[in-house]
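Engineer: Let me begin by handing over the structure; questions about it come next.
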Amino acid sequence: MFSKKVQAISPSPTLAIDAKAKQMKADGIDVIGFGAGEPDFDTPVHIREAAIKAINDGFTRYTPVAGSADLLEAICQKFRRDNGLQYEVKNIVVSNGAKHSLANAFAALLNPGDEVIVPAPYWVSYPEIVKMNDGVPVIVETVKENNFKITPKELQQALTDKTKAILLNSPNNPTGQVYNRAELEAIADFAVEHDLYVVSDEIYEKLIYGGEKHVSIASLGEAIKERTIIVNGVSKAYAMTGWRIGFTASTATLAKMMSSLQSHMASNANSIAQKATIAALSGPQDCVAEMRAAFAARRDAMVEKIAAISGLSCIEPLGAFYVFVDVSGMLGRSCRGRTIKTSDDFAAVLLEEKQVTVVPGTGFGAPEFIRLSYALSMEKMLEGLERIDAFVRSLE
Ligand SMILES: *Cc1c(COP(=O)(O)O)cnc(C)c1O
């Protein structure tokens with residue numbers, strides 16, 4: 001009998017769909033993929049050059065487990081500059097991507113049976129990472145009327161004497177929604193009052209469109225800062241998904257625990273990627289602005305097009321690079337004798353009929369939605385949306 005715990009984990013559905021689109025492309029099929037969970041841009045040149053220099057300088061050995069001293073300092077500066085947060089190097093742990101940072105965070109926080117409140121729609125990996133660490137994900141459905149943002153009232157309903165932490169993700173994947181300061185203050189007050197931790201995944205902090213500003217919940221006061229583990233990284237902001245660098249900011253006690261754990265699981269994150277990350281965080285930031293501008297233009301075009309497709313709707317996303325589309329109006333319709341009962345069916349039939357991949361909401365805890373990524377060229381995106389429009393029109 002193999003591990004019951006590991007057998008209870010389901011593989012990441014978003015990675016699977018993206019892999020399918022890539023395979024179809026490789027087979028010469030004209031597929032348009034809205035499944036991408038990563039920027040379509042190349043890593044900016046000055047960041048790549050820093051990595052090449054690191055190799056040529058021989059920066060190719062083990063570093064301290066939590067990260068090299070210069071990188072930890074650059075991360076502290078980033079928190080001061082971007083978030084108004086004072087951390088010291090002893091508060092920071094650098095890992096193999098933000099996903100690894102999340103795994104460290106829950107490993108450090110949870111004892112068997114501890115509950116973590118995970119607002120739905122949620123990023124697919126949160127419940128699985130909690131389960132991997134013997135915790136119990138308590139899924140709380142948020143409502144569209146509140147732009148899928150969790151409220152203290154909903155938190156209160158989910159609270160038990162086993163509740164240990166709240167998972168927060170703003171800007172949010174998959175909904176694209178952003179919590180404002182007042183909303184975060186309410187959650188921070190709740191966490192402090194009930195002695196809970198907050199794991200705050202801020203990986204999309206740089207990708208916000210329009211007037212909203214990113215606020216880190218940890219910046220709302222000493223009490224909440226003490227109870228927050230911030231998770232961030234360079235994957236999304238600097239188009240560095242393959243480099244695998246993420247980091248946490250927490251109390252020194254928690255940082256020490258995560259670092260000890262990591263010392264036996266993975267040692268340090270890649271030394272070359274650490275140097276590239278210094279260039280990303282401390283170098284010129286115009287590359288981020290350029291990518292954000294391209295994403296913003298695509299977001300506008302996608303939202304406009306979705307609104308024009310009869311039967312589909314979405315709430316305007318304010319951040320990340322996804323549009324979360326309500327397909328409840330499609331359920332019960334049929335295509336050449338096949339009835340579409342779920343968003344999984346919608347995605348499967350759409351792929352067959354029009355060679356377009358989208359991610360069904362099931363994996364995000366929102367079965368009547370699909371997630372469309374706009375991390376693809378404007379041209380491909382518009383063509384893909386035309387195909388979706390034609391598909392929807394063809395449904396009976
Ligand atoms: C992409 C993503 C991550 C993981 O980032 P990596 O640094 O590539 O591990 C974490 N959280 C969310 C919500 C994401 O979308």
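Engineer: Could you grab me the full set of residues in the range 218-270 that are in a helix (DSSP H, G or I), buried (at least 21 other Cβ atoms within 10 Å of the Cβ) and within 16 Å of the ligand (Cβ to nearest atom)?
Structural biologist: Trp243, Met258, Gln262
Engineer: Considering the range 179-190 alone, what residues qualify as being over 16 Å from Ile230 (Cα atoms) and not in a helix (DSSP H, G or I)?
Structural biologist: Asn180
Engineer: From the residues in the range 97-115 that are within 15 Å of the ligand (Cβ to nearest atom) and farther than 17 Å from Asn268 by Cβ, which one is surrounded by the most Cβ atoms within 10 Å (Cβ to Cβ)?
Structural biologist: Our first condition is that a residue be within 15 Å of the ligand (Cβ to nearest atom); within the range 97-115, this holds for 97-106.
This time we only want the ones that are farther than 17 Å from Asn268 by Cβ, so: 102, 105-106.
Details: Leu102: 25, Ala105: 28, Phe106: 25.
Residue satisfying both the conditions and the ranking: Ala105.
Engineer: Related question: Output the residues belonging to the range 302-330 that are surrounded by 15 or more Cβ atoms within 10 Å (Cβ to Cβ), of a type in the set (A, V, I, L, M) and at pLDDT 95 or above.
Structural biologist: Correct list: Met302, Val303, Ile306, Ile309, Leu312, Leu318, Ala320, Val323, Val325, Val327, Met330.
Engineer: Restricting the search to the range 345-366, which residues are surrounded by fewer than 19 Cβ atoms within 10 Å (Cβ to Cβ) and either closer than 17 Å to Ser313 by Cα or within 21 Å of the chain's Cα centre (by Cα) (or both)?
Structural biologist: Hit for the range 345-366 is Thr362, nothing else.
Engineer: A follow-up question, please. From the residues in the range 176-198 that are within 16 Å of the ligand (Cβ to nearest atom) and more than 13 Å from the chain's Cα centre (by Cα), which one is surrounded by the most Cβ atoms within 10 Å (Cβ to Cβ)?
Structural biologist: It comes out as Tyr179.
Engineer: Okay, next question. In this structure, is Arg298 assigned to a strand (DSSP E or B) and of a type in the set (D, E, K, R)?
Structural biologist: no
Engineer: Would it be correct to say that Glu128 is within 13 Å of the ligand (Cβ to nearest atom) and under 19 Å from the mean Cα position of the chain (by Cα)?
Structural biologist: yes
Engineer: Now for a different question. Filter the range 14-46 down to residues that are surrounded by 13 or more Cβ atoms within 10 Å (Cβ to Cβ), within 18 Å of Glu352 (Cβ to Cβ) and either acidic (Asp, Glu) or not assigned by TED's automatic domain parsing to the domain that holds Phe364 (or both), then give me how many there are.
Structural biologist: Number of matching residues: 1.
Engineer: Here's another thing I want to ask about it. Among the residues of the range 258-270, is any more than 17 Å from Ser101 (Cβ to Cβ), in contact with a helix residue (DSSP H, G or I) (Cβ under 8 Å, 6 or more places away or on another chain) and in contact (Cβ under 8 Å) with a residue 60 or more places away in the chain?
Structural biologist: The initial filter retains those residues of the range 258-270 that are more than 17 Å from Ser101 (Cβ to Cβ), namely none.
Taking every residue of the range 258-270 in turn, none turns out to be more than 17 Å from Ser101 (Cβ to Cβ), in contact with a helix residue (DSSP H, G or I) (Cβ under 8 Å, 6 or more places away or on another chain) and in contact (Cβ under 8 Å) with a residue 60 or more places away in the chain.
Engineer: Can I ask one more? Can you tell me which residues in the range 191-215 are on the phi < 0 side of the Ramachandran plot, modelled with pLDDT of 95 or more and in a loop (DSSP other than H, G, I, E, B)? Full working, then the answer.
Structural biologist: As a first pass, look at the range 191-215 and keep what is on the phi < 0 side of the Ramachandran plot: 191-194, 196-209, 211-215.
Still in the list and also modelled with pLDDT of 95 or more: 191-194, 196-209, 214-215.
Within the range 191-215, His194, Leu196, Glu202, Ile203, Tyr204, Glu205, Lys206, Leu207, Tyr209, His214, Val215 qualify.
Engineer: Further question on the same structure: So which residues in the range 75-88 are in contact with a helix residue (DSSP H, G or I) (Cβ under 8 Å, 6 or more places away or on another chain) and buried (at least 17 other Cβ atoms within 10 Å of the Cβ)?
Structural biologist: Ile75, Cys76, Lys78, Asn83, Leu85, Tyr87
Engineer: Ok, one more. For residues that are touching a residue at least 12 places away in the same chain (Cβ under 8 Å) and of a type in the set (D, E, K, R), tally how many sit in the range 346-357.
Structural biologist: Adding up the residues that qualify gives 2.
The values are calculated or read from the model by the stated rules, or taken from the named source; none is laboratory data. Everything numeric in this text was worked out from a predicted model, so none of it was measured. Note that we place each Cβ from the backbone using ideal geometry, even for glycine, and neighbour counts take in every protein chain shown.
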